[in-house]
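Read-outs: derived from the displayed coordinates by stated rules, not from any lab. Because the structure is predicted, anything quoted here is derived from the model rather than measured. Here the Cβ positions follow ideal geometry from the backbone for every residue, glycine too, while neighbour counts run over all protein chains shown.
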């Protein structure tokens, strides 16, 4: 089945930020889309007026009968996840359940229902504090530094084992942080929220020199749909091939909002336990498969700030 | 706390093959030992006449109150696991539950009860089909090839995240296959069982040219107790620094038993889905920390065959 054939696809977490943007891109290409979402962080308004089948449910709930839902699907995009990296230690079982166990259940349902291909949204967090920067898919993580990264890395391993046993083929995509319409969590929304509340002061976790990488959600979802390997299970980084400092992002955000806050830093080179002071993924492998991001980090941050101003204010 | 101080230690899976040998070595060194074992594959006769506290229970069972059991322990040795690599696909949730989820529960209990150090029995299977042989701890697994390897690799990641967040320190030990007294599963016992039943014929999975590595359980448990790093969480390979072919092992086993079976090969370079045709771990890092195995692979196989003949026959 080629990239341009029309497919029956199912998106878990399809009402979420990346999921809903993926659904729109899949529909643009005329695929038939089913969404499964528990609406815990996703929102039906992200899917307003879209011609899809929607199933409200949690992939962790055996009553959902995933195997039945998956039957006849050409591809499952498994995006449902706990995406909150920073607060892992506030509820230490959540990443394990929502990212690892949930993926194992999705794998079991794929295998039982005969879904030929699984696409999995993983994360650059699996590299921990990479020794090699920019970090390629061939870099060995020196150790997991967050429950989020550990939970996604764990899920990747089970996907690889399923693929090795010919239960399905799979594409694992390791994202940098994603920005754009429907964006719902991360430091840009935190900063914009704080500045809309108090434009005179911005509290920053860490020293602001953390180097982070971002990509626009429209670039991300093109990659999710288009980037495929030829092996049983292939891993690709997806991100803008570069980085900015948190302080750069503060400049772009405050200029876009037209505010000039004084900055208060909590200090240190990490914003929280498990914060990675330098993220920059090498995306050469995805490029070799024809994918390139169109938005720079600066453009992504400015556009997202504008979108947030409009959408946070109007709530 | 130094290596030679007397400690309160707890061994999960302490009635099993490696666990019971570890318990004996810990007692020899005068440590105070508590064993938790669900006796699903472990056996109380492995612990006969030993001065230990024994708790029958499954670490997956929340009713066991692990946190309470762990309180006051200087080290927890987490060996309880499903160790059956080959039959992973017969019950696809087992490795996940008994190896990954169980380790997450052990981590939570360690963190809640303040256990300072966790020792984890991992496996060379996490390397999948390594590109680099002998395989060092710095090799990137090109992909998990078994549910067993995936489940242990997943557990390692959660351990690293706990250590990174200063919930405990940890030692992760990746074993080759282990042989010796109380040995209970793997190809040597399979071959001996078959030959005791019918000394004229031996059916071999694969072509017999698979290259495998083994270590003696007495070498293994010395490593488990003695090998410690200085970081928050360090990984060490433990194994004899070499390999044999399955066909070598057949020669040693049949000579020890005094039988001359005809050999029937199922063919192919792999015995089963996920079988790794070449395992040889580089153990230089453990050597640098003062550990060396005393038994060769041939000695381990011959001794184990003799032990099995005596113990399988007398059952």
Once both axes come from the Cα atoms, what is the angle between helix B:102-113 and the longest principal axis of chain B, in degrees from 0 to 90, rounded to 10?
20
Under the convention of a label 7 Å out along Cα→Cβ, give the distances in nm from residue A:298 to the same position in every other copy, shortest first.
7.0
Taking each residue in B:267-280, count the Cβ atoms of any other chain within 10 Å of its Cβ, then average. What number comes out?
1
Output, in nm with one decimal and in ascending order, the distances from the residue B:71 label point to the matching label points of the other copies (7 Å from Cα along Cα-to-Cβ).
5.2
Using a label position 7 Å from Cα in the Cα→Cβ direction, what is the ascending list of nm distances from residue A:203 to the same site in the other copies?
6.8
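List B:131, B:140 from most exposed to least, where exposure is judged by having the fewest other Cβ atoms within 10 Å.
Numbers: B:131 12, B:140 15.
The fewest-first ordering by Cβ neighbours comes to B:131, B:140.
If each DSSP helix of 4+ residues adds -39,500 (n - 2.57) and the sum is divided by the residues in chain A, what number results at 222 nm, nearest 500 deg cm²/dmol?
Working: 9 runs with 102 residues, N = 315.
After summing the helix terms and dividing by the residues of chain A, the value is -10000 deg cm²/dmol.
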Roughly how many Å is it from the Cα centre of region A:30-70 to that of region B:171-211, as a whole number?
47
Relative to the longest principal Cα axis of chain A, at what angle does helix A:246-257 sit, 0 to 90 degrees, rounded to 10?
80
Evaluate the distance, in nm, between pseudo-label points positioned 7 Å from the Cα of residue A:209 and of residue A:247 along their respective Cα→Cβ axes.
0.8
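For the residues B:9, A:273, what sequence is obtained by ranking on other C-beta atoms within 10 Å, fewest first? Before the final figure, lay out each step's value.
Working: B:9 24, A:273 15.
Result, fewest neighbours first: A:273, B:9.
For peptide A:144-152, compute the average count of partner chain beta-carbon atoms within 10 Å of each residue's beta-carbon. Walk me through the numbers on the way to the answer.
On the way: counts 11, 6, 5, 8, 1, 4, 11, 5, 1.
Mean partner-chain Cβ count within 10 Å for A:144-152: 6.
Rank-order A:168-176, A:49-57 by packing density, defined as the average count of other C-beta atoms within 10 Å over each peptide's residues, highest first. Before the final figure, lay out the partial values.
Values: A:168-176: 23.2, A:49-57: 13.6.
Highest to lowest by the protection proxy: A:168-176, A:49-57.
Tell me, what is the FRET efficiency for residue A:45 and residue A:296 to the nearest 0.05, using R0 = 35 angstrom and their Cβ-Cβ distance as r?
Step by step, r from the Cβ atoms, then E = 0.75.
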Averaged over B:101-114, number of beta-carbon atoms from partner chains that fall within 10 Å:
2
Calculated P(r) tail over 39 Å for chain A, as whole % of Cα pairs
9
For helix A:147-164, report the angle its Cα long axis makes with the longest principal axis of the Cα atoms of chain A; keep it between 0 and 90° and round to the nearest 10°.
20
Tell me, how many Å apart are the Cα centres for region B:251-268 and for region A:254-315?
63
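Rank these for me by crowding, B:243, A:148, going from fewest to most other beta carbons within 10 Å.
Details: B:243 20, A:148 26.
Lowest to highest Cβ neighbour count: B:243, A:148.
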What's the extension gain from residue A:140 to residue A:273 if we count 0.36 nm per residue and subtract their Cα-Cα distance?
45.8 nm
